Amino acid sequence: VCFFVGLYYNVIIGWRIFYFFKSFHPLKLSCLCLVVVVETECERSSATTYFWYRETLDISNSISESGGLNWKMTLCLLVAWSLVGLAMIKGIQSSGKVMYFSSLFPYVVLVCFLLGLLGVSCEATKTPNYYFCLPSKLDKMLDPQVWREAATQVFFALGLGFGGVIAFSSYNKQDNNCHFDATLVSFINFFTSVLATLVVFAVLGFKANIMNEKCVVENAEKILGYLNTNVLSHDLIPPHVNFSHLTAKDYNEMYRVIMTVKEGHFKELGLDACLLEDELNKSVQGTGLAFIAFTEAMTHFPASPFWSVMFFLMLINLGLGSMIGTMSGITTPIIDTFKVRKEVFTVGSCIFAFVVGLIFVQRSGNYFVTMFDDYSATLPLTVVVILENIAVAWIYGTKKFMQELTEMLGFRPYQFYYYTWKYVSPICMAVLMTASIIQLGVSPPGYSAWIREEAAEKFLFYPTWAMAILISLIILASLPLPLVFILRQFHLVSDGSNALSGTYKKGRMMKDISNLEDNDETRFILSKVPSETPSPMPTHRSYLGPGSNSPMEMSSAPNGRYGSGYLLASTPE
C-alpha cells in the first residue's frame, strides 16, 4: 500500500512544484494572456481551468488515449523524487528537525489565508461558511462513498494502516507516553481539519461570489439589449434598480419579475438565475480544488504572487512530510530485516519508483492518479486496519495488551479503550468495508474525463483493461496478508518469534538483575532483610478487562492463560 501511494502521491507533489515555480512570475490568468489566439476551450471554461488541464497536464480526452509523456511534469516528478531521496538518506533525526517547520508553517499560511479572505470580502466568506454550519444535505450521510472517503482521510491524516507510524515509533524509548501522543495527534488533526475546512469554504465562497458577479454583469447586458430592442418593456424593471451598480439582490428581483411576466417565452431569453448556491454546488473537488479553485481565488488577492508562493510552498512541505512517512513504511522494515545499506537501497527505491511513476506523467496520467487514489489504498487500508485491530484485540489479547501498556505508561489506560478496541472499531470498519464492496459491485467504477471539444468534465466508465488494472491493484495490495499467513502457518518461513521473545526476555532479565543488585546494595547499607524492602513495582492494580484476575492470580495457574513464557517476561518479581 505504501508503494502504491508513494507512486502517485509524489506525482501530485510534482504538480505543486510546477505551480510553485510558476508563482514567481505574476500569472495573468486570462484566456487572451494564455494564448495568442483565443482558444474556444479556454473561453468556454475559465482561465484557471484551462491552465490546469491544458497548460499543466495537457490532458487527453480519456484514459485510453496515452498521448505520450508530458516533459514538464516528468522533470517535476524527477525533482520530487530527488527531494524525497535526499530527505530519506539524511535520516529520521534530521527529518524530524525539518518537521518542526513543516508542521507549523501550514498553520501560519491557513490563518493568513482566512484573515486575508475576511479582509478582502467578508460577505464572500460568510455565506459559504454559513452553509457549512447547516445540515443542508443530510441525505449524503447515507451514502457509503462519503463514509469511505472520510475513513480514507482519517487513515491518511493519522497514518493508520501504513508502516510509517510503526517505523517512526521504533525510534521511541520503551517508556514513551504513546497514550499522550495518540490523543494529542488525534485532537490536532481534528482541529486542523476544521480550520482547513473553514479556509476551503472561504476560498470557494470568494470564488463563487466572483463568478456570480460575472454572471450578473453578463445577464444584465442581455437585459439591456432586450430593453433597447423593445423585446422587454421598461415597466418590468423595478424603479430602484441601477444598471451601473447592479447588485445580485437587485438582479434576482428583476429576474423573478421577468420570469413571471414572460413565462411562455422566458427560455428564449437565455437568462441565468445567477444564484450563489448554484456556484457553490459547481465547486471542484479533489486535485482541482488546489489547482483550480484556490488559484482562481488567489488571482484576485492583492500581491497574488506572494500568496501563491506561500500556498504551494505549504503544499510541498506537507507532501514531503507525508512522503517521508510513506517511504519509511517501505524502507525501514527491509533495511532492518535484511541489513542492506540504507543509502544504496533508498536511492535504488527512488529511481525504481520514478521509472514506474512515468505512467502518471503521460497525457492520460491524471486518470491513472485518480484510479490509484480511489482503489489502490482505500479498500486494502481498510482491510489492513481491521486485521490489525483483530490481531491485537482478539488474537494477541486486549487484556495482555492492556497489561503491557500499563507497564510502559506507568498508569492503566481508560476502560473505554478496552471496548472500542475489541468491539466498536472492528464492527464499524467491517460495516464500512462491506458497504463499500457492495457499492463497487452495484455502481461500475468510473472517472471524470476532461473533454477538450466540450471544455467540460464528463463521467466515463473504465474500459475492460483498466478494470483489470484496478482489480489487480486491490489484489496486489492485499496479497501479502494471506500469502505470509499461509507461509508461516505451514512453517515455510520463520516468523522470528523465538528470536524476538529471546531478545525481549534477555533485556528484561538483565534489567531485573540490575534492579536486584541495586536492591541488595540498598539492603546492605540500610541493614534490612529482603522482606522489609519495599517492592520496586507499582502497587496499583492495572485494569485487564472486565472480570479479569490480577497478574499474580494469573501466575498461580499451571502456565497462565498465555503460557509460562509470557509470565516470565512480564512478572520480574
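Nothing in this text is a laboratory measurement; each read-out follows from the coordinates by a stated rule. Computed from a prediction, not measured in an experiment: that's the story for all the values here. Here the Cβ is made from the backbone with ideal geometry for all residues, glycine too, and neighbour counts use every protein chain on show.
Things worth noting here:
- Summary of packing: across the peptides 353-361, 50-58, the per-residue average of other C-beta atoms within 10 Å ranks them, highest first, as 50-58, 353-361.
- Dipole-positive endmost among 445, 356, 434 within the stretch 346-467 (Cβ charges, Cα centre): 434
- Simple spin-label estimate for residue 275 and residue 143 in nanometres, 7 Å along Cα-Cβ: 1.8 nm
- The amide H of residue 449, built 1.01 Å from its N in the peptide plane, has 458, 459, 460 as neighbours under 5 Å, considering only residues 5 or more places off or on other chains.
- Across the stretch 244-374, Cα pairs under 8 Å and at least six residues apart give a relative contact order of 9 percent.
- For the cross-link pairs 400/422; 72/207; 207/282, the ones whose C-alpha atoms lie over 19 Å apart are 72/207.
- Karplus-based coupling profile of the stretch 58-71, in residue order and whole Hz: 6, 6, 8, 6, 7, 5, 6, 9, 5, x, x, 6, 8, 5, with θ = phi - 60° in 6.51 cos²θ - 1.76 cosθ + 1.60 and x standing for Gly or Pro.
- Evaluating 6.51 cos²θ - 1.76 cosθ + 1.60 at θ = phi - 60° for every residue in the stretch 218-225, the Karplus couplings come out as 5, 6, 5, 5, 4, 5, 4, x Hz, glycine and proline recorded as x.
- Since only 318, 330, 266 are under comparison, the one whose Cα sits farthest along the positive direction of the charge dipole of the stretch 261-350, derived from C-beta charges on Lys, Arg, Asp and Glu, is 330.
- Projected label distance in nm at residue 356 and residue 240, using a 7 Å step from Cα toward the beta-carbon: 6.5 nm
- Rough spin-label spacing in nm, given labels placed 7 Å along Cα→Cβ, for residue 472 and residue 158: 3.4 nm
- Net length gained if the chain between residue 58 and residue 416 were fully extended (0.36 nm per residue, minus Cα distance): 123.6 nm
- The trypsin sites (Lys or Arg not before Pro) found in the stretch 130-237 that occupy coil by DSSP, while having at most 16 further C-beta atoms within 10 Å, are 137, 173.
- As a rough guide to protection, the peptides 339-351, 370-382 ranked by mean Cβ packing within 10 Å, highest first, stand as 370-382, 339-351.
- Using θ = phi - 60° and Karplus 6.51 cos²θ - 1.76 cosθ + 1.60, couplings along the stretch 293-309 (whole Hz; Gly, Pro as x): 5, 5, 5, 4, 5, 5, 5, 9, 6, x, 6, 4, x, 5, 5, 5, 4
- Other residues whose C-beta falls under 15 angstrom from the C-beta of residue 310 contribute a net charge of +2, scoring Lys and Arg +1 and Asp and Glu -1.
- Rounded to the nearest 0.05, the FRET efficiency derived from the C-beta distance between residue 89 and residue 261 at R0 = 56 Å is 0.15.
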